1. Just to be sure I understand the model, the point goes 7 Å from the Cα along the line to the Cβ. What's the resulting L145 to N62 distance in nm?
2. So I have [x] 8; [y] 30; [z] 19, and one of them is percent of Cα pairs over 35 Å apart calculated from this model. Which one is it?
3. Give me, ordered by chain and number, the residues 5 or more places off V259 or on other chains with an amide H under 5 Å from its own placed amide H.
4. What are the aspartates and glutamates whose alpha-carbon lies under 12 Å from the alpha-carbon of K245, with same-chain residues fewer than 8 places away excluded?
5. How would you order 141-153, 124-136 from highest to lowest mean count of nearby Cβ atoms within 10 Å?
6. Just the number please: accessible area per residue for the chain, 1.4 Å probe, all protein chains included, in Å².
7. Between their Cα atoms, which of K33/K92; K33/K102; K102/K122; K92/K141; K102/K141; K141/K216 are more than 18 Å away from each other?
8. What is the sum of charges around E55, taking Lys and Arg as +1, Asp and Glu as -1, for the other residues whose C-beta is under 13 Å from the C-beta of E55?
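The values are calculated or read from the model by the stated rules, or taken from the named source; none is laboratory data. Just so it is clear, the model here is predicted, and its values are computed rather than measured. All Cβ positions, glycine included, derive from the backbone under ideal geometry; neighbour counts span all protein chains shown. Just so you know, the surface numbers come from the protein's heavy atoms only, side chains and all, with ligands and any DNA or RNA stripped out. Shrake-Rupley method; radii C 1.70, N 1.55, O 1.52, S 1.80 Å.
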Amino acid sequence: MEERCLIEIYNQLKKSYATNSASNMLQKGILEKDIVMFLNDYRKVLLPEYFYNKELTLQELNHFGKIIHKILKFTEHGNFLSEEDSMIILGKIPTIRTMVLKDIEAAFIKDPAAKSYEEVVKTYPGLFAIMIHRVSHELYKLGYLLFSRMLSEYSHIRTGIDIHPGATIGESFFMDHGTGIVIGETTIIGNNVTIYQGVTLGAYSFHRDENGNIIKGLRRHPTIQDNVTIYAGATILGGETIVGKNSIISGNVWLTESVLPNSKVISKFENKIYYPRTE
C-alpha cells in the first residue's frame, strides 16, 4: 500500500517537473555553492590585504575570471556572451575596489566605535553588503538578473540588509548597524550618504495597466542626494521623491514628498512618562 502511494506521488512529481522544466532550464545551473565560491574569490581579489594575507598573482586573477565565466554560462545569455562579459566584470574590479576602499574609510570616520579599518572590513555587516552590491550591480546592468539577485539575497540572509542589485549607490556609503535596511531596485543614492538601521527606501504606489496588472520597469523608489543622513526607522517612498543634498532625515519619519537641500525633517511626537504614586 505504501509502495503504491509512493509510486503515485513520484509520478505526479515527475509530471510536474516535466511541465515546468522549460521555464527553468536556462537558470538551473547556478547553485548556492557557486555563489559562495564566487564571493570567497571575489573578496580575495578585491581586498587581498584583508582576506588573503599576500599579494594577488596573475594566475589567481585568471582563476577568478574562470569562476565568473563558469557561472555566467548558466545564465540567460548562455555561452555566446559569457566569456566576453566575464572580462567586462573582471575589468570592473579595480573601480569597485576604489569605491569599496572609500566605503571602508567612511565607516571608520563616521563610527566612533570603529577601532581599525580591518575591524570594519571583517565585522561590519554594512560593509559586507555594499561590497557585494558593488559587483551585483554591475552584473545587473549587463543583464545577469538572476545571478545578481542571488548574490544580493545571500547578502540579505547573512546581514539582514536588503539591497536590490538595480539600486545605484555612490561613493563613501555607510550603513550603521544595518539590520532591517531595505533599498529598492530603482533607488538612486549619491555620495557620502549615511543610513541607519531599519530605513526603507521603497515604492509608494505602483502604476497599473488597464487590466490592473503592475507595470514593471518604471521608477518607483526615491533619490537621495549627496551628504544626506537618514536615521533609524525612517521610511522614504516614491519614484518622484527627492531628498536634497546635505539634508537630515530624523528617526521614524514617514516621507512621500521631496525635500529641498539643507533641510531637516523630524517626526513630531510626545513621550509621556508616568511616575509611580508616592504615599
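1. 3.6
2. [y]
3. Those qualifying (amide H under 5 Å, at least 5 residues apart or on another chain) are I242, V243, G244.
4. D226
5. 124-136, 141-153
6. With the other protein chains kept in place, the chain gives 59 Å² per residue.
7. K33/K92; K33/K102; K102/K141
8. Around E55, the surrounding residues sum to 0.
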